[in-house]
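One structure is given below, encoded as structure tokens.
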Amino acid sequence: MRIALFITCVNDIAYPQTGIAVTRILERLGHTVDFPTAQTCCGQMHANTGYRAEALPMVHNYVEVFDRYDAIVTPSGSCTAMVRDQYPHLHPAAASVAARTYELSELLVDVLGVTDVGAEFAERVTYHPTCHGLRMLRLGDKPLALLRQVRGIQLVELGDPEECCGFGGTFALKNPDVSTAMLTDKCRRVLDTGASVLAAADNSCLAHIGGGLGRGRSGVRVMHYAEILASTGASA
Amino acid sequence: MSQRATPPHGGGRIIAPLPFPTAARPEVADPQLRANLRRATRTIRGKRQRVVEEVPDWAALRDAGAAIKADVQRRLPELLERFEAAATAAGAHVHWARDAAEACRIVVELSHAAGATEVVKVKSMATQEIELNEALAEAGITAYETDLAELIVQLGDDTPSHILVPAIHYNRTQIREIFRRRMADAPPELSDEPRDLAEAARMHLRRRFLSAKVAVSGANFAVADTGTLVVVESEGNGRMCLTLPQTLISVVGIEKLVPSFADLEVFLQLLPRSSTGERMNPYTSVWTGVTPGDGPQEVHIVLVDNGRSAVLADPVGRQALSCIRCSACLNVCPVYERAGGHAYGSVYPGPIGAILSPQLTGVEANASLPYASTLCGACYDVCPVKINIPEVLIHLRQQAPHPVAERAAMRSLSWIMRNPRRYAAALRAARLGTGPLGASRQRRTGARTLRWLPWPGSAWTQSRDAPLPAPQTFREWWEKR
């Protein structure tokens, strides 16, 4: 199966290791991954902050670049939700490519039918289900189903998992006090688990929680769960 | 070419005096408030979830509730006239109020005509919205709130901070202090046991019920076919007001209609489970005009627009008019739980307030409210009439006035990101430009993050380290592999 990777702008610039992980997982499973270099950003920040007109050129670019692929995979719940939920309202021909755009766990579990991707990762990990993955994509148990098959992993449950971390894109900048209050509670929940790694399906949310955990010198690492799935124990 | 007239916006206690982030700051820093809100919202949230999960056809009930309300919005003028005809035929007097000021004027005139110097009030959002108590006071009429929580708020010279639980920001010790200070007939040895507090309020209110000539209420539902009004409550104080005084004045938002009596079957299941987390609320009062010799003999209904027609004119935003004021969205909202209701500056706080207040007043008058959400979607999941609150928030953000610097930044980013070549060049430039800094931070702190950024990044770094670009972008890795 020929699969296109939509890396997302945040991952391209700041978290390339997540895209490398997605590529390695899929290639390990025998699939060919393509990275169309004409891709840019999905336009979520613009659309969600009230700049729909400014988001539209990105929407058009996405449809043009990805329309020829059978499946498009994205290591981001919120960018997938942007494409799937909002694109059909923003572009007349986006419905079909939107339906073929999958968050990584959807592609692995629903389309490819695998939960064991041959990973090994011997750390204590807790998982935060990010809001758009949880409530817009309804990812449910899929990322956890994948993580449970990882050899050596010690998965611990996060308290109040469904509660937002307070990131919300530009919300964190526009409402820094409320955002920080939410972040503090989320960090507390993470620390309560005693995990050394916090995993999630969105590096933007992880930049927020990880930024708080780092500020508190908590010693907890944040990782996109794709990086755990790509890990084979040989090298970190 | 004809131009459609835009219906006027509303006024009253729906215009936030301060931007949400400013108003939220001291609330977030108040430990007592945070503890009270956390405890109360989590308790109600848990109760709601338990009684919703036990209903096998909850999804179908929500669909029905949403469909009935959408139908009402499609033919509101027709249904309003039908309601007026039916209520009038049953002996009620129907009044039409364009805005808050006109609604207050009508209630004041009716109270004067009844010779009242005091009125007893049933808990009502509409009368809070139009600031009726203040208008009555100006006309020399004292309004007594009889809902326990509204009474607490009124005695405390405060404003409600929650739709269902107006005094949610107080704990019982704080309530005892308000009673001791402001309730003349409160027993001096009053404890902070809920039972004792309720008993003190009961004794305090009983005399008001017996002496008042006029009661003022809102309505949860107004049935178009029959001219019937419905009030749903827990304490029975509403029932006292609705049955004892000679004159009853009900202030009703025009969106409160349901087409037929049978439609109540849907909402009387959705509302109590979503709001108090009860299978059924203790008191449901249903009345149609005047019943000779029983209950109020002078029945008035004031139908209030106050910006609702303007909301109705927006095909995306009008779903906010489906709201049945259950406040389930407040109780699950992580922003509400930390900021509290007063930060929203309107009688309608929380997620529903963030989409309703700006639409009633026009977005310019409440420009910060559509941004008072992370778009986490918890509100949409619990809404009993399926109002897609995140969708409306995003819609209103299109209409909100944008700060000049933000607009310039967004436009430049869009110009870069719409073009693959410019985008790739910008990524490379950002990576190269921050490379030495990132390497130095990595060496010195073990992480490629910054602990301080200038404005506007300072809003981020006040509590979080900020990530720097990676030493190699993904596309650079891809090209080299």
Q) Of everything in the stretch B:425-471 that's of a type in the set (Gly, Ala, Ser) and within 7 Å of another protein chain (Cβ to nearest Cβ), which residue is farthest from residue A:36 (Cα to Cα)? A) B:463
Q: Look through B:16, B:29 and report the one residue that is surrounded by 20 or more Cβ atoms within 10 Å (Cβ to Cβ) and within 14 Å of chain A (Cβ to nearest Cβ).
A: B:16
Q) Restricting the stretch A:176-205 to residues that are charged (D, E, K, R) and more than 10 Å from every other protein chain (Cβ to nearest Cβ), which is surrounded by the most Cβ atoms within 10 Å (Cβ to Cβ)? A) A:202
Q: Would you mind stating whether residue A:138 is more than 14 Å from the chain's Cα centre (by Cα), of a type in the set (D, E, K, R), more than 10 Å from every other protein chain (Cβ to nearest Cβ) and not in a strand (DSSP E or B)?
A: no
Q: Give me a count of the residues in the stretch B:314-369 that are more than 30 Å from residue B:46 (Cβ to Cβ) and within 10 Å of the chain's Cα centre (by Cα).
A: 0
**Q.** Which listed residue, of B:78, B:27, B:53, is farther than 30 Å from residue B:169 by Cβ and charged (D, E, K, R)
**A.** B:78
Q. Is there any pair linking a residue in the stretch B:288-299 that is over 15 Å from residue B:219 (Cβ atoms) to one that is modelled with pLDDT under 95 and hydroxyl-bearing (Ser, Thr, Tyr), with Cβ under 8 Å and at least six apart or on different chains, and which?
A. none
Q. Given the structure, is residue B:411 more than 7 Å from chain A (Cβ to nearest Cβ), of a type in the set (D, E, K, R) and farther than 27 Å from residue A:181 by Cα?
A. no
Q: Please work out which residue is farthest from the chain's Cα centre (by Cα), limiting yourself to the stretch B:265-279 and to residues that are surrounded by fewer than 19 Cβ atoms within 10 Å (Cβ to Cβ) and under 30 Å from residue B:75 (Cα atoms).
A: B:265
**Q.** Residue count for the stretch B:370-398, restricted to those that are more than 13 Å from the chain's Cα centre (by Cα), closer than 13 Å to residue B:327 by Cβ and in a helix (DSSP H, G or I)
**A.** 1
Q: Starting from the stretch A:82-102, keep only residues that are farther than 10 Å from residue A:63 by Cβ, then list their pairs with residues that are surrounded by fewer than 16 Cβ atoms within 10 Å (Cβ to Cβ) whose Cβ atoms are within a distance under 9 Å, requiring at least 6 positions of separation or different chains.
A: A:84/A:99; A:88/A:95; A:88/A:99; A:100/A:67; A:100/A:70; A:102/A:110; A:102/A:111
Q.
Return the residues of the stretch B:290-320 that are among the β-branched types (Val, Ile, Thr) and assigned to a loop (DSSP other than H, G, I, E, B); say none if nothing qualifies.
A. B:290, B:316
Q.
I need the helices (runs of 4 or more DSSP H) fully contained in the stretch A:49-129, keeping only those with at least 1 residues that are within 29 Å of residue A:147 (Cα to Cα), within 11 Å of chain B (Cβ to nearest Cβ) and of a type in the set (S, T, N, Q).
A. A:77-81
Q. Does the stretch A:24-43 hold any residues that are among the small types (Gly, Ala, Ser) and at the interface with chain B (Cβ under 9 Å from one of its Cβ atoms), and which are they?
A. A:38, A:43
Q) In the stretch B:326-380, which residue that is in contact with a Pro (Cβ under 8 Å, 6 or more places away or on another chain) and among the hydroxyl-bearing types (Ser, Thr, Tyr) is nearest to the other protein chains (Cβ to nearest Cβ)? A) B:374
Q) Just a yes or no: is a residue in the stretch A:153-175 within 12 Å of chain B (Cβ to nearest Cβ), in contact (Cβ under 8 Å) with a residue 24 or more places away in the chain and not in a loop (DSSP other than H, G, I, E, B)? A) yes
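The values are calculated or read from the model by the stated rules, or taken from the named source; none is laboratory data. In this text, all values refer to a predicted model and were calculated from it rather than measured experimentally. Heads up, the Cβs are rebuilt from the backbone with ideal geometry, glycines too, and the neighbour counts pull from every protein chain shown.
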